[in-house]
Amino acid sequence: MELGQIRHFVAVMQSGSFTAAAERCAISQPGLTKSIRALERELGGPLFHREGNRLVMSELGRTMAPVLTNLDDQAAHAARVAESFQVLKTGSLRVGVANTIGGARLAPLVARFRRHHPGVDVEIHVSNAGDIGERLNRSDVDFAIMNAVQLERGQHQAELLYREPYVVAFGPGHRFDALAEVKLADLMGECYVDRLSCELRKQFQHLCADRELTLVPIARAERDDWAQELVASGLGCAVLPAFSVRHPRLSTRPLVLPEVTRDVSIVRMRGRKLSSAAIKLRDMLKKDVDLSDGGGSVAKLARVR
């Protein structure tokens, strides 16, 4: 039994005419007649017969009418749902975001996407890079926004959104306030808050070791908001991604000699197709997020120079 046969039966039943039903279904009358006859063979008897000039349903036709009408309605509903999904009237979108990625650049674009497509349910999952990578592997998120340095490059495809410099953040009255920029060597002897969730933490430690610089943290925080609160409360300074610093009492200076940067990318499983909603948001992010260096198509390991 095919959906076309069911649709043809419903059209004949409602119009009372093979000719009118054929016009309604945009099919030739012989084609519609052939379709009804095939359905009758499958159901085991005639669905219509003539009484003079009138076309009426047989007993089998009357018995099958509510069942076939319901199937036709369900098929039409399924088509409407699919159409709404394709034009983003409905659907869902799940985005993973590493917890070190500040929302200042991204949240306004997600909000704008939601205003343009109010029928799409948007979920933002914020967690550490390892958890976001696992969610990506399990298809729990459509794509992730993160630094791809911790992921297996063969399994994942990354598209650069922006390159983000690291800065030194400090509270009111700190001596760094008098400097235009802070050299890595300037951190020696300073009270330092260590960010445990930083994806470049080991690279940064190796960088200091290579230069025979020793940083002794007086506090460690797994979450960046806590690290910022500790620094704003007077516990020295911290090295943070520039776009993640949002605390009103914090000041920042560029970290130089060397400069440290990371690449923030859209990451997805290689070969996995994105939904229409995910493609739309991805393209919006790529188009409208400010790229500090002009962008690129392949995520690079965050570099230190």
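A few notes on this one:
- Only one of the numbered conditions (1) at pLDDT below 85; (2) assigned by TED's automatic domain parsing to the domain that holds Asn137; (3) of a type in the set (Gly, Ala, Ser) is violated by Ala76, and that is (2).
- Restricting region 195-245 to residues that are of a type in the set (Gly, Ala, Ser), surrounded by fewer than 16 Cβ atoms within 10 Å (Cβ to Cβ) and part of a loop (DSSP other than H, G, I, E, B), the residue that is nearest to the chain's Cα centre (by Cα): Ser233
- Contacts under 6 angstrom Cβ, first residue in region 220-245 being at pLDDT 95 or above, partner among the charged types (D, E, K, R) and part of a helix (DSSP H, G or I), 6 or more apart: none
- Failed criterion for Tyr166 (all others in (1) under 18 Å from the mean Cα position of the chain (by Cα); (2) closer than 30 Å to Ala232 by Cα hold): (1)
The values are calculated or read from the model by the stated rules, or taken from the named source; none is laboratory data. Remember, predicted model here, so these are calculated numbers, not experimental data. Counting neighbours? That spans all protein chains shown, and the Cβs are built from the backbone with ideal geometry, glycine included.
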